[in-house]
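A.B. asks: The structure's right below; bear with me while I get my questions together.
The values are calculated or read from the model by the stated rules, or taken from the named source; none is laboratory data. Not measured: the values here are computed from a predicted model. Note: ideal-geometry Cβ built from the backbone for every residue, glycine included; neighbour counts use all protein chains shown.
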Amino acid sequence: MVVDNLVKNEVTIKVLKNINTFSFSEICQILEVNNVKIFSVSIINTNLKHIEAIVKISAKDLTPALRLLREFEYEVLSNHDEDDFFNDLKDRSKYLNKYLNI
């Protein structure tokens, strides 16, 4: 029964970061601070500059974890309904356009 609950809340996050500053332990610490259960972290793509990884997690509220990943310069490539980052950018963009058109 516990396993069923974990699988229902499973989310996959795709992140990208500079190869020199990428750290598995840093990703795990960021997520664990936000009460996120981590199933796996795996590298899916590398080049001379960046590492792209997939993180499988279980979380009730994903927004704080995504914010903290971005603060630590991880680019979140996956889209999530709970993520208000892009909505905030759109709102700020509308406000800036309104200001510039005055």
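A.B. asks: Identify, from the list LEU96, LEU66, the residue that is in a helix (DSSP H, G or I) and in contact with an Asp or Glu (Cβ under 6 Å, 6 or more places away or on another chain).
C.D. replies: On inspection, the qualifying residue turns out to be LEU66.
A.B. asks: Wholly within the stretch 1-62, which strands (runs of 3 or more DSSP E) include no fewer than the required count, namely at least 2 residues that are hydroxyl-bearing (Ser, Thr, Tyr) and either at pLDDT below 90 or surrounded by fewer than 11 Cβ atoms within 10 Å (Cβ to Cβ) (or both)?
C.D. replies: 37-46
A.B. asks: What's the number of the only condition in (1) loosely packed, with under 10 Cβ neighbours inside 10 Å; (2) modelled with pLDDT of 90 or more; (3) of a type outside the set (Lys, Arg) that ASP81 fails to meet?
C.D. replies: For ASP81, the exception is condition (2).
A.B. asks: Given LEU100, LEU68, which one is of a type outside the set (S, T, N, Q) and surrounded by 12 or more Cβ atoms within 10 Å (Cβ to Cβ)?
C.D. replies: Answer to the selection: LEU68.
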